[in-house]
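> Input: one structure, supplied below.
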C-alpha cells in the first residue's frame with residue numbers, strides 16, 4: 001500500500017499561520033502554569049509502563065507491580081489513560097486503572113504477525129466484556145506503517161464491533177489517514193487522530209495553529225462523530241527536526257498552548273507521553289526517548 005496521490009501532510013501556507021509563543025516567560029513561570037493545568041487534571045495521557053531495560057519490540061513482559069507504581073505517579077494528574085497493547089502484561093493495565101478511578105482508552109496493537117493479532121483482539125474483547133474499556137482502539141498507525149491493508153484492518157474492526165455492540169470502537173492513526181480512507185472514519189464510532197506538528201517539521205511558534213488545521217481535517221470527514229486527539233506532544237531533548245526544536249522550555253510552551261486551545265474548545269486530548277521511553281531511541285533517534293512529562297525513573301521533568 002502506498003500513500004502516493006493521497007494526503008500526507010497539510011497543504012497550508014505555513015508563512016500565514018498564526019505565530020504564538022510563551023517565550024517571554026521564564027522557565028519558572030512556565031512551570032507554574034503547567035503545574036496548574038496538571039493539578040486540575042488533564043483529560044488523558046498515553047501510558048507506558050516500560051522500564052529502562054525493557055522494549056515492547058522484544059516482547060518484554062511487564063508486571064502488575066510496575067503498572068501500579070507507574071499509574072500511582074500519574075493518577076493525580078489525569079482522568080483517562082491510553083494503553084497501546086493487550087499482551088505481555090499490558091492486558092492487566094485497564095483493570096488496575098479502573099480500580100484507581102481512571103477511565104481507559106484501551107488499545108489492541110495490530111501488526112503483520114497475524115497470530116499475535118489474534119491474541120491482542122481476543123484479550124481486548126475480554127477486557128471490554130469485563131467492563132475495563134471505556135473506549136477500544138483496534139490498531140495504532142497500522143496503515144501508516146503499512147503492516148496491514150485497509151481491507152484487513154476493516155475486517156478486524158468489524159469483528160470487534162460485532163462482539164461488542166455497546167462499546168465505542170475506534171482506530172488510531174495520523175489525522176490525514178481518515179481523509180485518505182473515509183471508509184475507516186465511517187466504520188469508527190469515534191475518530192482517534194494523532195496530531196504531531198513536531199513530526200511535520202513545524203516551528204514551536206506555528207505548531208498549535210498547525211495542529212488546529214490537523215484537527216479540522218479529521219473533523220471534516222467525521223460526519224459529526226467525536227474527534228479525539230489521541231496523541232500529541234513535544235520532546236524535551238534531541239536534535240533539531242526541520243524547524244522543530246526539542247528543549248525543556250519548548251516542551252513546556254507546547255504543552256501549555258495545547259491545553260489553552262483544547263480546553264477553550266472542549267477538545268479531548270491524550271497527551272504523549274507519561275514517561276520517557278529509552279527503548280524508542282533506537283526507533284526514532286534521540287528525541288524519540290524524551291517525550292514524557294516524567295523521566296524514565298518517574299521523576300517529574302518540569303519542576304522549577
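The values are calculated or read from the model by the stated rules, or taken from the named source; none is laboratory data. Note that this is a predicted model, so its numbers are computed, not measured. Note: ideal-geometry Cβ built from the backbone for every residue, glycine included; neighbour counts use all protein chains shown.
> Out of (1) touching a helix residue (DSSP H, G or I) at 6+ places or on another chain (Cβ under 8 Å); (2) in contact (Cβ under 8 Å) with a residue 40 or more places away in the chain; (3) surrounded by fewer than 20 Cβ atoms within 10 Å (Cβ to Cβ), the odd one out for residue 39 is which?
(2)
Every residue, every condition in (1) farther than 22 Å from residue 193 by Cα; (2) assigned to a helix (DSSP H, G or I), yes or no:
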{"position": "44", "(1), (2)": "no, no"}
{"position": "51", "(1), (2)": "yes, no"}
{"position": "57", "(1), (2)": "yes, yes"}
{"position": "65", "(1), (2)": "yes, yes"}
{"position": "96", "(1), (2)": "yes, yes"}
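> Looking only at region 50-62, filter to residues that are surrounded by 13 or more Cβ atoms within 10 Å (Cβ to Cβ) and free of Cβ contacts under 8 Å to residues at least 60 places away in the same chain; which one of those is nearest to residue 274 (Cα to Cα)?
Selected residue: 62.
> Would you mention how many residues in region 150-165 are under 19 Å from residue 179 (Cβ atoms) and out of contact with any helix residue (DSSP H, G or I) (no Cβ under 8 Å at 6 or more places or on another chain)?
So the first thing to find is which residues in region 150-165 are under 19 Å from residue 179 (Cβ atoms), and the list is 150-151, 153-154, 157.
Now narrow it down to the ones that are out of contact with any helix residue (DSSP H, G or I) (no Cβ under 8 Å at 6 or more places or on another chain): 151.
Within region 150-165, residues that are under 19 Å from residue 179 (Cβ atoms) and out of contact with any helix residue (DSSP H, G or I) (no Cβ under 8 Å at 6 or more places or on another chain) number 1.
> Conditions first: (1) surrounded by 15 or more Cβ atoms within 10 Å (Cβ to Cβ); (2) more than 16 Å from residue 275 (Cβ to Cβ); (3) more than 16 Å from the chain's Cα centre (by Cα); (4) at pLDDT 95 or above. Residue 28 passes all but one, so which condition is the exception?
(1)
> With the requirement that a residue be within 21 Å of the chain's Cα centre (by Cα), in a helix (DSSP H, G or I) and closer than 26 Å to residue 113 by Cβ, what does region 161-184 give you?
177, 178, 180, 184
> Going through region 286-303 one residue at a time, which ones are under 14 Å from residue 248 (Cβ atoms) and part of a loop (DSSP other than H, G, I, E, B)?
Correct list: 290, 291, 292, 293, 295, 299, 301, 302, 303.
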